[in-house]
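Before any comments, here is the structure.
The values are calculated or read from the model by the stated rules, or taken from the named source; none is laboratory data. Everything numeric here is computed off the predicted structure, so don't read it as measured data. In this analysis, Cβ positions are derived from the backbone assuming ideal geometry, glycine residues included, and neighbour counts consider all displayed protein chains.
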Amino acid sequence: MDSTTLISFLALDLLLVCVPGADWAYVISAGLRGRSVGAAVGGLVSGYALHTVLAAAGLAVLVAGSPALLTGLTVVGAAYLVWLGWGVLRRPWVPEAGETVVAGAGRVFLRGATISGLNPKGLLLYLSVLPQFLVTRDAHLPVPAQTAVLGLLHMACCVAVYAAVGLLARAVLGARPAAARAVTRTSGAAMLGIGAFLLVQRLALGG
């Protein structure tokens, strides 16, 4: 696994992490409600740590070794992102005062872990995107170790982005709903772009 592969994965992963979804909604809610942003981010990252362990145990290898399965998962995941992006553009999400408040750092952490563990975007990353960056032949690192490295990179991206989102939500979005609307519209366009990119890339490789 060379530096070019790591940089390519990091660039695509950052794009995916920066697309608002369930994770963003949760840290924004934590920030707006004055709850612990650190606990919310820690919970979200712990869910992806579990995804990383499962992928390193062999799930990602199974997908990487089956071109037809990888193509199918990528097409489904890309279509999901396009559909989700179109929905966001049509009805941009804005934080509302009636959102549920989660009390206590422990409950904030556990809720975050549940959200990321079941997040379709996370499943897309580990089952469809990550396997494309694994070197399965003549690799210097075993595939489980490569999976762990990529998973750790993803978790680092999540910590940086989600912490910034939660803190900015507390400082800016709570008082400026128009800014929240602009952020969600931008995210919808990004979902459409990433979904189209993954779809065209995988179909071209499959062809």
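Name the residue that is surrounded by the fewest Cβ atoms within 10 Å (Cβ to Cβ), counting only residues in the range 6-27 that are over 18 Å from LEU130 (Cα atoms) and modelled with pLDDT of 80 or more.
If we take residues in the range 6-27 being over 18 Å from LEU130 (Cα atoms) and modelled with pLDDT of 80 or more, then TRP24 is surrounded by the fewest Cβ atoms within 10 Å (Cβ to Cβ).
Please work out if GLY31 is under 22 Å from GLY104 (Cβ atoms), surrounded by 17 or more Cβ atoms within 10 Å (Cβ to Cβ) and modelled with pLDDT under 90.
Answer is yes for this residue.
Could you pull out the residue among ALA68, ALA103 that is modelled with pLDDT under 75 and exposed (fewer than 15 other Cβ atoms within 10 Å of the Cβ)?
Just a single option satisfies the conditions, and that option is ALA103.
Only residues in the range 175-194 that are over 18 Å from VAL17 (Cα atoms) count as the first member; pair them with residues that are at pLDDT below 70, Cβ under 6 angstrom, at least 6 apart or cross-chain, and list the lot.
PRO177/VAL94; ALA179/LEU173; ARG181/PRO92; ARG181/VAL94
Against the definition (in contact (Cβ under 8 Å) with a residue 24 or more places away in the chain, surrounded by fewer than 21 Cβ atoms within 10 Å (Cβ to Cβ) and under 20 Å from VAL41 (Cβ atoms)), how does ALA113 come out, yes or no?
Yes: the conditions hold for ALA113.
Given the condition surrounded by fewer than 21 Cβ atoms within 10 Å (Cβ to Cβ), modelled with pLDDT of 85 or more, part of a helix (DSSP H, G or I) and among the small types (Gly, Ala, Ser), answer yes or no: does some residue in the range 152-162 qualify?
Yes - at least one qualifying residue is present in the range 152-162.
Tally up the residues in the range 127-146 that are closer than 22 Å to GLY72 by Cα and not in a helix (DSSP H, G or I), please.
3
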